[in-house]
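S.K.: Take this structure, written in structure tokens, and hold onto it; I'll ask about it next.
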Amino acid sequence: MASAASGAPAAVAAVVKKLDPVDVDVISCHAVTADEKLIAICPNNEQVLLFEASGPTGFQLKQVLSQHTLRVTGLAWSPTCTGKYPSLVSCSEDRTAAVWDFDEDTSTWTSTTVELAASRAALCAAWSPDSSRIAIGLASKDVAICYFEADERVRCWIAKKVGDHKSIKASVVSVAWHPTADFLAVGSADSNCTIFNVSQECMLPEPRPPFGNIEHQESAGSWVNAVAFGPSATKLALFPHDSSVLIKDLAAQDEPLLRLEWTGLPFLRGMFLREDCLLACGFDFVPVLFQHSKEKWECRGSVDCPTPAASTAGASENDAAAARAAAKAAFTTFTEARQRFGNTGGGGGGGAGGGGAPGGTAGGGRSKEGPTTSHTSVINGCQLLPGEGPGTGLPRFSTCGEDGKVLIWQFQTM
């Protein structure tokens with residue numbers, strides 16, 4: 001178990017770019033290209049909005065991608081690029097997925113069908129490191145591993161399924177590829193994280209063992225919102241819905257999970273920044289850093305230090321301590337509201353209290369003096385950006401939230 005580090009220098013990240021579309025209230029998911037020239041977002045509906053960099057820090061809407069009929073749940077850019085731009089995959093609650101490519105002849109984005117053959121919603125998507133395959137997590141308790149069939153008669157993405165009702169007992173809500181692309185970590189709402197063998201050699205032309213075999217499975221104690229492999233692939237991080245981060249040393253599979261505690265609200269997304277650094281974000285409006293130092297993991301706390309360019313009007317304090325105070329206030333507000341509803345009694349009061357959790361959390365971060373964090377609502381997604389910031393040698397990352405903003409961050413100190 002780990003707690004907030006005491007006496008350690010503050011880890012601070014500053015917002016260096018911001019996408020804040022006027023007519024967008026909520027961004028449910030996003031994806032940023034490696035060169036940060038394109039940002040794809042879902043404004044919590046069936047559309048994908050594609051923005052292109054305009055000037056040093058601005059963005060301009062280039063195209064609206066409309067193919068899905070229900071809310072888009074996952075977006076990801078391919079790691080490699082063979083044309084002018086990389087490919088974009090989108091998946092949706094309408095049980096479909098699409099791969100979008102830029103057509104230089106028409107200067108528009110066109111889609112290629114992904115044959116998921118899914119009976120339930122598609123909930124998350126991730127490209128393999130070499131961009132040859134896509135993993136799509138499904139509410140039907142399995143995962144589609146998709147490859148491109150280049151036959152002129154077909155020319156579409158075709159899925160091979162891994163997982164079944166015995167190995168995965170609830171919706172798949174997160175997936176992460178092993179750096180070798182031979183394994184896939186799957187986080188599901190049955191509180192388990194399962195690592196499957198997805199070797200391409202054993203997948204095509206027809207799946208054969210060990211493709212689809214379970215290599216390892218861990219119980220996280222609550223549903224697993226996100227999973228991530230470390231850069232060296234010797235560590236696996238789980239982000240369950242209980243305000244903790246779990247780390248598994250894959251070189252010592254008999255050892256128990258290491259639990260890192262957070263005193264705020266649960267995390268929705270997380271990732272490795274480096275082998276010794278984890279970043280998590282969710283209901284507290286702020287990115288939180290966990291770091292390995294002096295042979296142990298510590299929670300370094302919020303890295304949010306709003307600058308005048310990134311803060312909204314009325315922000316009174318621009319430091320990480322203020323961000324942590326806002327998160328604590330959000331938790332206190334929700335607790336008090338729950339107690340008030342509990343004291344009223346009756347079915348109606350209980351129902352209102354249960355449904356008020358997101359609202360209580362969102363309102364708790366807004367003090368009378370105005371928001372003190374760069375995001376003013378729940379953070380729905382985060383993405384590590386390749387390379388390091390100029391002059392700092394420290395990582396860059398992006399986040400999106402229910403405040404309708406995408407922020408690109410640069411670490412100043414770690």
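Every number here is computed from the coordinates shown, using simple stated rules; none is lab data. Owing to the predicted nature of the structure, the values given are computational and were not obtained by experimental measurement. Every residue, glycine among them, receives a Cβ derived from its backbone with ideal geometry; neighbour counts consider all protein chains shown.
S.K.: Provide, for q = 0.13, 0.15, 0.17, 0.26 Å⁻¹, the log10 of I(q)/I(0) from a solvent-free Debye sum over equal Cα point scatterers in segment 12-77.
M.R.: After summing over all Cα pairs, the log10 values are -0.35, -0.47, -0.59, -1.25.
S.K.: Are there any trypsin sites (Lys or Arg not before Pro) in segment 133-227 that are in a DSSP loop and have at most 16 other Cβ atoms within 10 Å? List them by number.
M.R.: 153, 155, 166, 169
S.K.: Also, quick follow-up: Once you keep just the Cα pairs under 8 angstrom separated by 6 or more residues, what percentage relative contact order results for segment 61-161?
M.R.: Once normalised by length, the contact order is 21 percent.
S.K.: Which of the lysines could a cross-linker span from residue 166 if the Cα-Cα distance has to be under 20 Å and same-chain partners fewer than 8 positions apart are dropped?
M.R.: Excluding near neighbours in sequence, the set is 141.
S.K.: Say the dipole of segment 1-121 comes from +1 at the beta carbon of Lys and Arg and -1 at that of Asp and Glu; which of 43, 72, 28 then lies farthest toward its positive end?
M.R.: 28
S.K.: Also: For segment 1-133, what mean projected area does the convex hull of the alpha carbons give, in nm²?
M.R.: 11.9 nm²
S.K.: Would you tally the net charge around residue 242, using a Cβ to Cβ cut-off of less than 10 Å, leaving residue 242 out, and scoring K and R as +1, D and E as -1?
M.R.: Result for the neighbourhood of residue 242: 0.
S.K.: About its Cα centre, how strong a charge dipole does segment 22-166 have in debye, to the nearest 20, once Lys and Arg get +1 and Asp and Glu get -1 at the Cβ?
M.R.: Here the size comes out at about 540 debye.
S.K.: Using a cut-off of 13 Å between beta-carbons, work out the net charge of the residues near residue 408 (Lys and Arg +1, Asp and Glu -1, residue 408 not included).
M.R.: Cβ neighbours under 13 Å give a net charge of +2.
S.K.: Considering only DSSP states other than H, G, I, E and B, which GluC sites (Glu not before Pro) in segment 110-197 qualify as loop sites with at most 13 other Cβ atoms within 10 Å?
M.R.: 152
S.K.: For segment 151-294, what Kirkwood radius comes out of the mean inverse Cα-Cα distance, in Å?
M.R.: One decimal place: 16.0 Å for the Kirkwood radius.
S.K.: On a straight-distance basis, which aspartates and glutamates could pair with residue 405 in a cross-link, Cα separation under 14 angstrom, same-chain partners fewer than 8 positions away excluded?
M.R.: Reachable aspartates and glutamates: 20, 23, 25.
S.K.: Leaving out same-chain residues fewer than 8 places away, which aspartates and glutamates sit with a Cα under 14 Å from that of residue 169?
M.R.: Candidates past the 8-residue exclusion: 142, 190, 218.
S.K.: Report, in listed order, any pair from 37/62; 18/62; 84/160 with a Cα-Cα distance greater than 22 Å.
M.R.: Violating the 22 Å Cα-Cα cut-off are 84/160.
S.K.: In square nanometres and to one decimal, what's the mean projected area of the convex hull around the Cα atoms of segment 106-170?
M.R.: For segment 106-170, averaging the hull's shadow over all directions gives 5.8 nm².
S.K.: Using just the alpha carbons, could you tell me how many Å³ per residue the convex hull of segment 231-300 encloses?
M.R.: 83 Å³
S.K.: So, one more: How about segment 213-275: which GluC sites (Glu not before Pro) there lie in a loop by DSSP and see at most 16 other Cβ atoms within 10 Å?
M.R.: For GluC sites (Glu not before Pro) across segment 213-275 that sit outside H, G, I, E and B with at most 16 neighbouring Cβ atoms in 10 Å, the list reads 275.
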